[in-house]
1. Could you name every one of the strands (runs of 3 or more DSSP E) located completely within the range 64-139 that has at least 1 residues being open to solvent by less than 40 Å² (accessible area, probe 1.4 Å), of a type in the set (G, A, S) and at pLDDT 85 or above?
2. What number of residues in the range 225-240 are of a type outside the set (A, V, I, L, M), open to solvent by 10 Å² or more (accessible area, probe 1.4 Å) and either within 16 Å of I275 (Cβ to Cβ) or part of a helix (DSSP H, G or I) (or both)?
3. Can you give me the ranges of the helices (runs of 4 or more DSSP H) entirely in the range 241-358 with at least 3 residues that are of a type outside the set (S, T, Y) and open to solvent by less than 40 Å² (accessible area, probe 1.4 Å)?
4. Taking the conditions exactly as written (open to solvent by 20 Å² or more (accessible area, probe 1.4 Å), touching a Lys or Arg at 6+ places or on another chain (Cβ under 9 Å) and either modelled with pLDDT under 90 or in a helix (DSSP H, G or I) (or both)), does S220 satisfy them or not?
5. Look at the range 12-63 and say how many of its residues are closer than 17 Å to T79 by Cα, among the small types (G, A, S) and part of a loop (DSSP other than H, G, I, E, B).
6. Of the numbered conditions (1) part of a loop (DSSP other than H, G, I, E, B); (2) free of Cβ contacts under 8 Å to residues at least 24 places away in the same chain; (3) buried (at least 21 other Cβ atoms within 10 Å of the Cβ); (4) not basic (K, R), G384 satisfies every one except a single condition; which is it?
7. Quickly run through the range 147-157 and pick out the residues that are touching a Lys or Arg at 6+ places or on another chain (Cβ under 9 Å) and open to solvent by less than 60 Å² (accessible area, probe 1.4 Å).
Amino acid sequence: MVLSRFWLAIFISSIAFVIIGLFAGNSYSVDFVLNGKKDDPILISEKYLKEIPEFIQDSIQKSDEKTFTINRDTLNADTTYVYKSQTVKIFSGKQKSDGLLPTCKFSLFEIILPLIAYLAFFCGLMELLIISGASEKLAKKLSPVFEKVFPSIPKNHESISYMTLNFAANFLGLDSAATPFGLKAMQSLQELNPDKDKASDAQIMFMCLHAAGLTLIPTSIIGYRAAEHAANPADVMLPCIITSFIGTIAAFLLVGIRQKLNFKSFTLLGAIGIIVGAIAGLMWYINGLDIIGKNYFTGNLSGLMLIGIIGFTLIFSFIHEKKFIEKETTIFDTFVEGAKNGVTTGVKIFPYVMGMLVAISFFRNSGLFEIISNGLSFAFSNIGVSKDITNSLPVAMLRPFSSGGSRGFMIDSMKTFGVDSLTGRLSCIFQCSAETTFYVIAVYFGSINIKNTRYTLGMMLLVDLICVISAILVASWFFVK
């Protein structure tokens, strides 16, 4: 219910803002909101040739393309005059996001179809894990810990192994693998859910832990920083880990308090201690490497772990081939059957993804997001918050809505303010240490037809806020001299 009303609020307020802007003269056309493409120039006016300054008239007439561009020093403020069909169209600025119709197309061809391919492959692997008995063995090993965090899940339940694989994939920055594992976990948890229309406590805990985005190797962030010629592309890795770990612990405590979990369990405290020790040990090892060593290690660890998971699944299935024969099937046929289920899941979640992305597109293109973002930056700057921090806030604000949009702001901030500036680094930490909350809720709950998400959205946004505050404190500690 909360998600539905929030979606309606974004859509209706954005539409109202677009219409008001058109009749108030703040915009010349609404076509860009419907059909425009990201980074396209925006049409702001149309005049007869004689109505524009003479020096521009002369420049247009001398140009073979009948165009003239005035370059500004400010970002994205170039003004282009295009003479065609007896009028001059004036374009200025760049569109923030694809329009409604391109977003519908984008959500299918750029998000859902690749996601279906990932789902098909990894769901095929997961079917092998189930039939071979590997998932059952993994669940038995981890049940003592998971039964403290998810008390409603029966001991040795298969959902434990799926959640473990999801957390591991997120931990290693393997987004393409994390989503299929997570969707399988949600489907497995739904089988235990007594009220199929309402999110269970276990599903909410899983979603909120997922939202914190605990990451060990932020490979994509390191790659973007390397592309912008950072002095040390991996220098944000430790701040990213610390920030996402704080967010994960906060999510566990907040949801645990709401669900009245027992925090005094020796097993639970021991597991947390092992995780902290493992992270600290790995960080100690990585910090002892030179730049080339760090790049080599971080660039290969995630890939090797994924190859290891695939190799283990296939070898374990081969060793336990008897179990496939008992079910009158083969290893390959089992993989294909799992892949078919992955395709079905991908098709099922498409409407949820498309609906959410279109609303976000409207929100950005309407100009409402920019006004809110600028207003918050202005408010923070007036209470003494550093300009380096306020310049990076658009990334933090957009991250719960759109990974691609916040990534664009992150890259833009590195180009504008410097890849090794506090703004550039903080933008990277924001991007790494939180999840695309609205997209994730739409995908995960949409895959199992949950109508009532209860307090999931509010809790996930609170975790996002904690990650933002933590990122600012950690970045200031590491990078402010």
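The values are calculated or read from the model by the stated rules, or taken from the named source; none is laboratory data. Since the structure is predicted, the reported quantities are computational estimates derived from the model, not experimental observations. Every residue, glycine among them, receives a Cβ derived from its backbone with ideal geometry; neighbour counts consider all protein chains shown. Quick note on the areas: whole protein, heavy atoms, side chains included, nothing else; ligands and nucleic acids left out. Shrake-Rupley method; radii C 1.70, N 1.55, O 1.52, S 1.80 Å.
1. Working: elements: 67-70, 79-84, 87-94.
So the answer is 87-94.
2. 2
3. Working: elements: 266-287, 291-319, 321-326.
In the range 241-358, 266-287, 291-319 are the helices (runs of 4 or more DSSP H) which contain 3 or more residues that are of a type outside the set (S, T, Y) and open to solvent by less than 40 Å² (accessible area, probe 1.4 Å).
4. For S220, the condition - open to solvent by 20 Å² or more (accessible area, probe 1.4 Å), touching a Lys or Arg at 6+ places or on another chain (Cβ under 9 Å) and either modelled with pLDDT under 90 or in a helix (DSSP H, G or I) (or both) - is met.
5. 3
6. Condition not satisfied by G384: (3).
7. N156
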